[in-house]
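These notes concern the structure reproduced below.
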Amino acid sequence: MNKKFSLFIHMNISVVIASIFNTSIFLFAFKFVFPLLVVVFLCYLVLGFLASMLWLPLFLVLKKIYLKIQYIILCQQRLLLL
């Protein structure tokens, strides 16, 4: 009796799982949402890689601008002292 009952429960669980995965929501998710998430993740990786490559030149340019501004301020202070 226990074997038949456990087999019955197992069959019911497998039917429920199969019916869940055959619904239109899961088909929509597997066909459209998951590939879209993969594309978004790949774009995120590519943009992160490009940003990491461009970060050092951008930092160097900003550092040069900062040093030029500091030089201008220093020259103005020297002119005021004269």
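The values are calculated or read from the model by the stated rules, or taken from the named source; none is laboratory data. From a predicted model like this one, the values you see are computed outputs, not experimental measurements. Note that each Cβ is placed from the backbone with ideal geometry, even for glycine, and that neighbours are counted across all protein chains shown.
Quick look at the numbers
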{"item": "Residue match in region 46-56 (condition: among the aliphatic types (A, V, I, L, M) and not in a helix (DSSP H, G or I))", "result": "no"}
{"item": "Selected residue [of a type outside the set (S, T, N, Q) and either modelled with pLDDT of 85 or more or surrounded by 10 or more Cβ atoms within 10 Å (Cβ to Cβ) (or both)] from L82, L42, L56", "result": "L42"}
